[in-house]
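Student: Here it is: the structure, laid out below.
The values are calculated or read from the model by the stated rules, or taken from the named source; none is laboratory data. Because the structure is a prediction, the values reported are computed rather than measured. We place every Cβ from the backbone using ideal geometry, glycine too, and count neighbours over all the protein chains shown. All accessible areas refer to the heavy atoms of the entire protein, side chains included, with ligands and DNA or RNA removed. Shrake-Rupley method; radii C 1.70, N 1.55, O 1.52, S 1.80 Å.
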Amino acid sequence: MYYAREPGKINHMRYDTLAQMLTLGNIRAGNKMIVMETCAGLVLGAMMERMGGFGSIIQLYPGGGPVRAATTCFGFPKSFLSGLYEFPLNKVDSLLNGTFSAEMLSSEPKDNASVEETNGTLEERQTSEQENENSIAEAPVSYHPKNQETMEIVSQDQDYKEAKERGSKKDYIQEKQRRQEEQRKRQLEAAALLSERNADGLIIASRFHPTPLLLSLLGFVAPSRPFVVYCQYKEPLLECYTKLRERGGVINLRVSETWLRNYQVLPDRSHPKLLMSGGGGYLLSGFTVTMDNLKEDPSLNSNLSTLELHKTEEPAAKKRKCPESDS
């Protein structure tokens, strides 16, 4: 539906490309997956459906919060959401450098909530004072007892409405603070899961350039695990491909594109349709391996050179002497 009506919201990802991503990424129950996507939560929902509520998914999001418009359309039960974690993308570098702390997830929204609460109380006081002044000013004008009774009933109704609005505002603020605290706890749990650096796979499908994302997020993936990167265009993936070859630590790199064409199947009239999709995006896939220590530590290179110098030559094969026969 998204691809037919609003493909821009899912970065023009075709449904067969999404199926290839789930297959190449080895999405299955019990995995610990990392996903970074800006496809309105479509890739996240597909991963959750494939995992069936078993395992954990850590979603990295840019901006103020994750977008899960398409994920809600799946209608997952609450048990599926227990293994879903979220973590802001701008805190990934601090997590890699080891400088991340719980204080970085500061309680700025709480301050905003307290400001809203104080503003709400001030506005309530001002409105109550103005209403009291208005009621005092209108009181001498009414001389009839019937008018006094109606005024008392109206004032009681207004007081009841004010108390109800105050209670609803306080409940709303408390509920907002509770959600923010729960979100902060979930983000700390996601940071603990990422710090273990033993994820079973990585899926990237975003509108950002894939090279810096992939190079930074591969540090959280365990060796011998798959990763898949989607991009609408081929050139960013080719640049990412060359960077990975220079960096090392990956094998079986492949840039692929799926070709899709619909067929009309009718008795004696089966043929491919003339109109077909021009493209459904490109995929970069591969597997992680342990980095070569010789590239990381220069001292090991010197040790290797000394070993090569002291390497002894293989002895030549000895010639077997033939016994002389008596003539």
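Student: What is the percent carbon and sulfur in the accessible area of region 194-276, measuring with a 1.4 Å probe over the protein chains and ignoring ligands? Walk me through the numbers on the way to the answer.
Tutor: Working: 2550 of 4860 Å².
Taking all protein chains in place, region 194-276 shows 53 percent carbon and sulfur surface.
Student: Another question, if that's okay. Mind checking the full-extension length gain between Arg197 and Ser101? Use 0.36 nm per residue of separation minus the Cα-Cα distance, one decimal, nm. Don't jump to the answer; show the numbers that get you there.
Tutor: Details: separation 96, 0.36 × 96 = 34.56 nm, distance 1.68 nm.
Extra length available between Arg197 and Ser101 comes to 32.9 nm.
Student: Please give the contour-minus-distance gain from Ile251 to Gln183: 0.36 nm per residue of separation, less the Cα-Cα distance, rounded to one decimal in nm.
Tutor: Numbers: separation 68, 0.36 × 68 = 24.48 nm, distance 3.69 nm.
Extra length available between Ile251 and Gln183 comes to 20.8 nm.
Student: Sticking with this one: Accessible surface of Lys9 in the full protein assembly, 1.4 angstrom probe, to the nearest 10 Å²?
Tutor: About 110 Å², ignoring ligands and nucleic acids.
Student: Right, another one. Label points 7 Å out from Cα along the Cβ direction at Ser82 and Val265: separation in nm?
Tutor: 4.1
Student: Okay, next question. Greater than 25 Å separation of Cα atoms is the criterion. Which listed pairs, Lys78/Lys185; Lys32/Lys234; Lys32/Lys176; Lys9/Lys170; Lys91/Lys243, meet it?
Tutor: Values: Lys78/Lys185 18 Å; Lys32/Lys234 28 Å; Lys32/Lys176 30 Å; Lys9/Lys170 37 Å; Lys91/Lys243 23 Å.
Flagged as over cut-off: Lys32/Lys234; Lys32/Lys176; Lys9/Lys170.
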